[in-house]
Structure formats: structure tokens, C-alpha cells
1. So S84 ticks every box in (1) assigned by TED's automatic domain parsing to the domain that holds I164; (2) at pLDDT 95 or above; (3) under 30 Å from N150 (Cα atoms) but one. Which box is left unticked?
2. Taking R163, is it in contact with a helix residue (DSSP H, G or I) (Cβ under 6 Å, 6 or more places away or on another chain), touching a residue at least 24 places away in the same chain (Cβ under 8 Å), more than 30 Å from D61 (Cα to Cα) and exposed (fewer than 15 other Cβ atoms within 10 Å of the Cβ)?
3. I need the full set of residues from region 145-191 which are more than 18 Å from E208 (Cβ to Cβ), aliphatic (A, V, I, L, M) and not in a loop (DSSP other than H, G, I, E, B), in order please.
4. Could you please let me know if E104 is loosely packed, with under 12 Cβ neighbours inside 10 Å and at pLDDT 95 or above?
5. Which of the numbered conditions does R131 fail, given that it passes all the others? Conditions: (1) in the same structural domain as D204 (by TED's automatic domain parsing); (2) within 25 Å of the chain's Cα centre (by Cα); (3) surrounded by 18 or more Cβ atoms within 10 Å (Cβ to Cβ).
6. Considering only residues that are surrounded by fewer than 11 Cβ atoms within 10 Å (Cβ to Cβ) and within 19 Å of the chain's Cα centre (by Cα), look in region 39-88 and name the one that is nearest to G121 (Cα to Cα).
Amino acid sequence: MSDDPANPRVTLVVEGTVKPLIAVLPEKTIYFQGLADGLTEKTIDLVTTSKQFHIQKIDDDLNKKATYKLETVEDGKHYRLKVSNNTPRGNYMGSISLHTDFAEKPELTVWVNGSVEGEIGIRPKLLVVGRLSPDQGVLSGKVLVLDNKNRAFKIVKCTYDERILHVTQMPFPNGPGFSLEVIPNMKNIPPGGRIQTLLTVETDVPSEEKHEVQIQAINLAETHK
């Protein structure tokens, strides 16, 4: 800003390219999602953009849910971290910490997230139903139960609190699988109330355990004093 009547405001645009001391490629987070035997090994490359570095120690908080190994591509300049899922089924989050001799970057963190399904997949694992605000109608929900190997199966039992929910199932029109419609029983959910409950699904696939969906039934209707 100036007192120049012809140009009282001047904008200066500054652009630059910032290079990390150590590039983590393609990104710092690894995702494993899907059927366990279909999950492939993931690769992270650690490349210096300035002076040389060495990795002195590696630790993690993954509790053996994923395994990893470090390879030297070019000593002091390029290392490769290979990470594999080691969980047959379940969700997990954790990290791998790589400690270096680089004073400006003594530690690098790679995040590892897993969402591993067995043959039967159920989605979503968390569902919200009910009246979410006073000026909205009642929201029902839908849960999909499918076979990751595209095989025919049956749902043998659905367990839920019938005071809070009503669940109906319909087969997929094309291919194996079922859609479960989850309808809240609003008369048993007090105004202003939130009820946490479970929907448990069992199938005729012998290798599969019970599948659970966390359901939150909400009634944010107006309350009259």
C-alpha cells in the first residue's frame, strides 16, 4: 500500500520450490485394504536431496500386524522400505520409525493403515440412523454384505436389539450378496437421546466369524419443557 495515486496497491507474488532433506516416495502413508491373500507388498523409497544419510535403527508400533524390510539401493543416498500386511482380518493403524544419522532429519515416519477382510465383507462397519436434527426426517441406513471371492452364500442369522432397530434383508439383483436396510424404532429412542447398539451378521461360510456393525441411533427431536 502506498500514497501513489496512480498505483495505491501493488501485489507481489512470490513462488518457490521447497525440497525435503529426505524425500519419502511416493508418500508417507501405506494403505492395505481388501482380502488378505490379495494384498501385495508396498514399497517406499527414501532418497536424499542434499547430503548423504544412513539409517541406524528401525522400530514400530504395529504389533506384527505388518512386516517390513529395508534394502540399500545406493549407500548413503537411496534406501527402499518394503512393507507387507501380516493380518488375516481386521483393522489396524500404526507407524514405522526410521532413525538416521542426519542431524537435520533424525527420524522419518511411515504410517501404515490396514482394513483387511476375510471372504465375507461387510460395509460400512459404523452406521448412524435416526433423526439427526430437529428439522429433518428419520434417516434409515443400509449395510452391504458381500463375498470377496464372488461365491454364493447365505445369511443364517442377524442379531440386533429389536426395541431399537428393524432390519430387513434383500439379495443383490446381480451377483452374490445382500443389502440390509436398518430402520430405527424412533418411539423407543427418547428425544435428545443417542443409543449405541450392535448389528451382528452370521453367514454359512465356515471360515468366517460373526461380523459386527456399530450402530448409533439418534433422536435429536425438539424437546418441550
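The values are calculated or read from the model by the stated rules, or taken from the named source; none is laboratory data. This is a predicted model, so every value here is computed, not measured. Because the Cβ atoms are built from the backbone with ideal geometry, glycine has one as well, and the counts that use them run over all protein chains shown.
1. Going through the list (1) assigned by TED's automatic domain parsing to the domain that holds I164; (2) at pLDDT 95 or above; (3) under 30 Å from N150 (Cα atoms), S84 breaks only (1).
2. yes
3. L165, V167, M170, V182, I183, M186, listed by residue number.
4. Answer is no for this residue.
5. For R131, the exception is condition (2).
6. Result: T40.
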